[in-house]
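See below for the structure under consideration.
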Number of protein chains: 2
Amino acid sequence: MTASRTALAACLLAAASAVYAQGAPPPDRVIGYRQSVFGLIGWNFGGLGDMVRERRPWDAAEFTRRAERVAQLSQMTDEGFPPGSDTGAATDAKPEIWTNRADFDAKMDDFRREAAALAAAARGGDQDAIKAQFSKTGGTCKACHDEYKAD
Amino acid sequence: MTASRTALAACLLAAASAVYAQGAPPPDRVIGYRQSVFGLIGWNFGGLGDMVRERRPWDAAEFTRRAERVAQLSQMTDEGFPPGSDTGAATDAKPEIWTNRADFDAKMDDFRREAAALAAAARGGDQDAIKAQFSKTGGTCKACHDEYKAD
C-alpha cells in the first residue's frame, strides 16, 4: 500500500500538466492544453490529408486510426476555452471567441459532429464517401479559423 | 468543389502540426507531438487523482470521461518515440529509450493496458476497484518515468 501510494504520488508529480483542485487551472495552463489538443488534431488531420491528396499511398487502417483520433481529440476541445483564458500566454485564439460565444460553440459542435462522421466514414471503407467527408470536416476547421484564429 | 478544395487547403495550412509526406517528420515536430500527448495525459490523470485523493467531490461521469481520454491518449504515444527523435528540441526523454527499446516498449504497453483497464473500471462504477486500478495505472507511469524520463 505504501509502495503503491508512493508510485501514485510520484506519477502525479511527474505529470506534465495538472488539473487544479482549488478552482480553475490558470490561463497559461489552459492555453497550453488547447494548443496541445489542436496540435494533435493537426498532426492526425495532416496525415489524413496526405492520403486524400495522394501524397502517400492509401492505408485504410491508418486512415481509420487517425480519423478516430481526430474525433476523440475533437471532444477534448471542450475544456480549451473557459472564460478568462483569452490571455495569459501567447495564443492565436481571438477575443471574439469569448464575446461571440454561442457562434463559436456552434462552430466547434459542427467540427465535432463532422469529425465523428469522418471516423464513421473511414470505418465504412468507401473512399469516395471518405474523401467527401474529409473535405466537409476540413470546412468546419476553416469556418472556425476564419473568424476565431489569428493568422 | 472549388470552395471545398479551398476550405480543405486552408484547413491543412492552418494545422498546428503536419505529418510529412516525404519521409519522417523532423525530430522537433516529433518531440512537440509527444510532449502534447503526455501533457494531455497529465491533464486528465491529474483530474482523476484529485478525485481519488478527495481533493474534489467524486463525479462518476467526469471520472469516466477523463479515464477514457487517458486510455485514448495512451494509444497516441505509439508515434512519439521514433528512432532519431532523441534530440532536436528540449526533451526529458532519456537516451536509454532508444538503447533499451524492448524494455521501454514493454513498459509503454503496460501503461496502455492499465489505462484501458482504468477506463473499464470507471465504466463499471465500483469506486474501490476504480481507486485500486488508478493506483496500478499510476505505477506504470512511475515505472517508465524512473528509467526513461529526466527529472
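The values are calculated or read from the model by the stated rules, or taken from the named source; none is laboratory data. What you see is a predicted model, and the numbers here were worked out from it, not measured in a lab. For neighbour counting, all protein chains shown are included, and Cβ atoms are generated from backbone atoms with ideal geometry for every residue, glycine included. Please note that ligands, DNA and RNA were not included when accessible areas were found on the heavy atoms of the full protein model with its side chains. Shrake-Rupley method; radii C 1.70, N 1.55, O 1.52, S 1.80 Å.
Overview of values
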read-out: Conditions (1) of a type in the set (Gly, Ala, Ser); (2) within 13 Å of the chain's Cα centre (by Cα); (3) open to solvent by 60 Å² or more (accessible area, probe 1.4 Å); number of the one not met by residue A:71; value: (3)
read-out: Verdict on residue B:32 being modelled with pLDDT of 95 or more, at the interface with chain A (Cβ under 8 Å from one of its Cβ atoms), under 16 Å from the mean Cα position of the chain (by Cα) and over 17 Å from residue B:66 (Cβ atoms); value: yes
read-out: Qualifying positions in region A:115-138 - surrounded by fewer than 21 Cβ atoms within 10 Å (Cβ to Cβ) and of a type outside the set (Gly, Ala, Ser); value: A:123, A:126, A:127, A:128, A:131, A:136
read-out: Near pairs, Cβ below 6 angstrom, 6+ apart or cross-chain, from region A:139-151 (surrounded by 20 or more Cβ atoms within 10 Å (Cβ to Cβ)) to any residue that is assigned to a loop (DSSP other than H, G, I, E, B); value: A:148/A:94
read-out: Within region A:71-85, considering residues that are of a type in the set (Gly, Ala, Ser) and assigned to a helix (DSSP H, G or I), the one farthest from residue A:32 (Cα to Cα); value: A:71
read-out: Test for residue B:66: is it crowded, with 22+ Cβ neighbours inside 10 Å and charged (D, E, K, R); value: yes
read-out: Residue A:42, sole failed condition from (1) modelled with pLDDT under 95; (2) within 25 Å of residue B:74 (Cβ to Cβ); (3) not charged (D, E, K, R); value: (1)
read-out: Residue in region B:102-113 that is within 27 Å of residue A:77 (Cβ to Cβ), within 15 Å of the chain's Cα centre (by Cα) and among the basic types (Lys, Arg) present; value: yes
read-out: Residue pairs meeting the criteria (Cβ under 7 Å; at least 6 apart or on separate chains; first in contact (Cβ under 8 Å) with a residue 60 or more places away in the chain, in region B:34-50; second assigned to a helix (DSSP H, G or I) and not charged (D, E, K, R)); value: B:45/B:70; B:48/B:63; B:48/B:67; B:48/B:134; B:49/A:12
read-out: Residue in region B:89-108 that is among the small types (Gly, Ala, Ser), more than 14 Å from chain A (Cβ to nearest Cβ) and in contact with a helix residue (DSSP H, G or I) (Cβ under 8 Å, 6 or more places away or on another chain) present; value: no
read-out: When residues of region A:45-61 are limited to those that are open to solvent by 20 Å² or more (accessible area, probe 1.4 Å) and at the interface with chain B (Cβ under 10 Å from one of its Cβ atoms), the one nearest to residue B:77 (Cα to Cα); value: A:56
read-out: Residue match in region A:125-138 (condition: closer than 28 Å to residue B:45 by Cβ and among the aliphatic types (A, V, I, L, M)); value: no
read-out: Conditions (1) open to solvent by 50 Å² or more (accessible area, probe 1.4 Å); (2) within 20 Å of residue B:27 (Cα to Cα); (3) within 15 Å of the chain's Cα centre (by Cα); number of the one not met by residue B:77; value: (1)
read-out: Looking only at region A:66-83, and only at residues there that are within 11 Å of residue A:115 (Cβ to Cβ) and small (Gly, Ala, Ser), the one that is nearest to the other protein chains (Cβ to nearest Cβ); value: A:71
read-out: Flag if residue B:42 is within 9 Å of chain A (Cβ to nearest Cβ) and open to solvent by 10 Å² or more (accessible area, probe 1.4 Å); value: no
read-out: Hits in region A:98-134 - residues which are part of a helix (DSSP H, G or I), more than 30 Å from residue A:31 (Cβ to Cβ) and touching a residue at least 60 places away in the same chain (Cβ under 8 Å); value: A:122, A:127, A:130, A:131
